[in-house]
Amino acid sequence: MPTVILPALDEAQAVRGVLASIPPDWVPLVVDNGSTDGTAAIARAAGARVVHEPRRGFGAACFAGLVAAESDVVAFMDCDGSLDGRDLDRIATAVVDGRADLVVGARDADAGAWPWHLRWANAYLARAVGRRTGLAISDLGPMRAARREPLLALGLRDRRFGWPLERVLRAAAAGWRVEEVPVAYRARIGRSKVTGTARGVARTVHDMRAALQ
């Protein structure tokens with residue numbers, strides 16, 4: 001059974017619904033990144049495996065989940081209610097079948113779910129990645145799938161918000177076959193840790209720039 005890794009920081013409002021959307025043939029692995037709102041307890045009660053990563057950072061939580069996972073195929077999915085777990089099978093199919101090494105979900109956003117400035121920044125980064133790597137991607141989306149051992153072997157170092165970008169860049173450098181598939185994207189539940197604060201935006205910009213250097 002493949003594992004879906006769900007980094008979570010204070011997602012008590014969303015985590016139950018997110019877990020309910022995940023197909024029964026997936027293992028949900030919630031990585032609690034220092035929540036104080038009971039996220040871990042809710043996830044455990046809903047049947048998820050829960051591990052704790054006290055070092056704050058999106059990349060730190062993703063890496064902790066990757067290390068803890070026991071499946072050959074793993075996927076990553078935000079735990080804020082913006083993604084639908086029913087898209088996981090489509091994300092993983094090309095990896096399972098051996099047609100791709102990394103599959104990225106290109107967001108098909110509901111009206112208002114993806115603010116224009118974030119959409120523009122994502123498009124800018126995707127074009128920058130394309131120019132550097134030759135990959136034809138339109139999104140550095142938050143739902144992704146790959147095989148666990150090759151992903152560990154990439155040696156990803158970013159432990160904050162540059163993790164998704166570094167992963168695509170290193171995958172391209174390693175000659176991975178990268179594909180996109182569309183996934184549903186809706187407004188998140190609660191305030192974003194990335195775009196909901198000025199500090200979060202500044203950190204994200206800094207980490208993304210560092211990954212591109």
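The values are calculated or read from the model by the stated rules, or taken from the named source; none is laboratory data. Computed from a predicted structure; not experimentally measured. Quick reminder, even Gly has a Cβ in these numbers, built from the backbone with ideal geometry, and neighbours come from all protein chains shown. Please note that ligands, DNA and RNA were not included when accessible areas were found on the heavy atoms of the full protein model with its side chains. Shrake-Rupley method; radii C 1.70, N 1.55, O 1.52, S 1.80 Å.
Going through (1) assigned to a helix (DSSP H, G or I); (2) open to solvent by less than 60 Å² (accessible area, probe 1.4 Å); (3) over 13 Å from GLU180 (Cβ atoms); (4) modelled with pLDDT of 85 or more one by one, LEU83 falls short only on (1).
If a residue must be out of contact with any strand residue (DSSP E or B) (no Cβ under 7 Å at 6 or more places or on another chain) and in contact (Cβ under 8 Å) with a residue 60 or more places away in the chain, how many such residues does segment 94-107 contain? Number of matching residues: 1. Looking across segment 1-43, the residues that are outside any loop (DSSP other than H, G, I, E, B), open to solvent by less than 10 Å² (accessible area, probe 1.4 Å) and small (Gly, Ala, Ser) come down to ALA8, ALA43.
Pairs linking a residue in segment 60-75 that is farther than 12 Å from ARG159 by Cβ and open to solvent by 10 Å² or more (accessible area, probe 1.4 Å) to a residue that is among the polar types (S, T, N, Q) and at pLDDT below 95, with Cβ atoms under 9 Å and 6 or more positions apart or on different chains, do not occur. For LEU66, state whether it is at pLDDT 95 or above and not in a helix (DSSP H, G or I). The answer is no for LEU66. Listed conditions (1) open to solvent by less than 40 Å² (accessible area, probe 1.4 Å); (2) in a loop (DSSP other than H, G, I, E, B); (3) over 16 Å from VAL178 (Cα atoms) are all met by ASN122, apart from (2). Among the residues of segment 150-171, those identified as open to solvent by less than 20 Å² (accessible area, probe 1.4 Å), of a type in the set (A, V, I, L, M, F, W, C) and under 18 Å from ARG55 (Cβ atoms) are LEU156, TRP163. Residues of segment 99-118 that are at pLDDT below 95, surrounded by 17 or more Cβ atoms within 10 Å (Cβ to Cβ) and either part of a loop (DSSP other than H, G, I, E, B) or on the phi > 0 side of the Ramachandran plot (or both): TRP114 alone. Taking residues in segment 163-177 that are part of a helix (DSSP H, G or I), and partners anywhere that are among the aromatic types (Phe, Trp, Tyr), the pairs with Cβ atoms closer than 7 Å and at least 6 places apart or on different chains are TRP163/PHE58.
Only residues that are part of a loop (DSSP other than H, G, I, E, B) and either over 14 Å from the mean Cα position of the chain (by Cα) or modelled with pLDDT under 95 (or both) were counted in segment 143-161, giving 8. In segment 181-195, the residues that are within 11 Å of LEU9 (Cβ to Cβ) and of a type in the set (A, V, I, L, M, F, W, C) reach residues that are open to solvent by less than 60 Å² (accessible area, probe 1.4 Å) and modelled with pLDDT of 70 or more with C-beta atoms within less than 8 angstrom, at least six apart or across chains, in these pairs: VAL194/PHE58; VAL194/PHE161.
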